[in-house]
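Down below is the structure, laid out as structure tokens.
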Amino acid sequence: MNTLAFPRPKQAVVRPEPGPCPVIETERLVLRPHRLSDAEAIAQSLGDYQVSRMLARVPVPYHRQDALDWLVRQTAGVLPGWTLAVTTGDDVHIGFVGLELRHGQWHLGYWLNRYYWGRGYGGEAAHVSIERFFMRMPETALHSGVFADNAASLKLQQKLGFEITGCTQVYALARAGMVSHIETRLTAADLRRP
């Protein structure tokens, strides 16, 4: 008797997700899911070349419609991860912290409106977001990185406990060219308060 052996179908790999985007409050900040009404504040922040030049996927010039296009994708609830609006206690949008699944790895991204730099908001927002993320996904490594000429952001990541894992070249839309990118990685055990 001749029988054909068929390979068993592979089980789909289920990647755990951190769950719905939370609201996180600190003494000075409220991090919350983005809303379409955040478009104007996002456009103002990312329309500033001092901010957009440090981000890989932000075009220049950056308009309100660019912000709306991005917000529609983020608020649709179909992308894994969190896109947190960083707001002051009176709900003024001053920045962003994102935790997203890219190429099978979880990545941290963030930016602040330039007028809020140097006040510790970036470290505060990143720390509480990462801390909540690791509460839900403690076995996951978190990846990030900075452009090589962004010493302030690298210093922030190192204060949080990120370790440098390498350097690559990344295309930056705002700069219309390749930029050296320092790759970093963090585990729950290494997270520190900045």
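Rule-based calculations on the coordinates, nothing more; no lab input. Just so you know, these numbers come straight off a predicted model, no measurement behind them. Because the Cβ atoms are built from the backbone with ideal geometry, glycine has one as well, and the counts that use them run over all protein chains shown.
Can you confirm whether Ala85 is of a type in the set (A, V, I, L, M, F, W, C), out of contact with any Asp or Glu (no Cβ under 9 Å at 6 or more places or on another chain) and crowded, with 19+ Cβ neighbours inside 10 Å? Taking the combined requirement at face value, the residue does not satisfy it. Per the listing Gly19, Gly109, Gly47, the residue uniquely touching a His at 6+ places or on another chain (Cβ under 8 Å) and either in contact (Cβ under 8 Å) with a residue 12 or more places away in the chain or closer than 20 Å to Glu131 by Cβ (or both) is Gly47. Among the residues of the range 14-29, those that are assigned to a strand (DSSP E or B) and surrounded by 18 or more Cβ atoms within 10 Å (Cβ to Cβ) comprise Ile24, Leu29. Being free of Cβ contacts under 8 Å to residues at least 24 places away in the same chain, more than 26 Å from Ser180 (Cα to Cα), surrounded by fewer than 18 Cβ atoms within 10 Å (Cβ to Cβ) and not hydrophobic (A, V, I, L, M, F, W, C) is the requirement here; does Arg119 meet it? Taking the combined requirement at face value, the residue satisfies it. Taking the numbered list (1) touching a residue at least 60 places away in the same chain (Cβ under 8 Å); (2) closer than 16 Å to Val51 by Cα; (3) touching a Leu at 6+ places or on another chain (Cβ under 8 Å) in turn, Phe147 passes all entries but (3). The residue list Thr168, Thr87, Thr83, Thr140 contains one member that is in a strand (DSSP E or B), farther than 25 Å from Pro61 by Cβ and β-branched (Val, Ile, Thr), which is Thr168.
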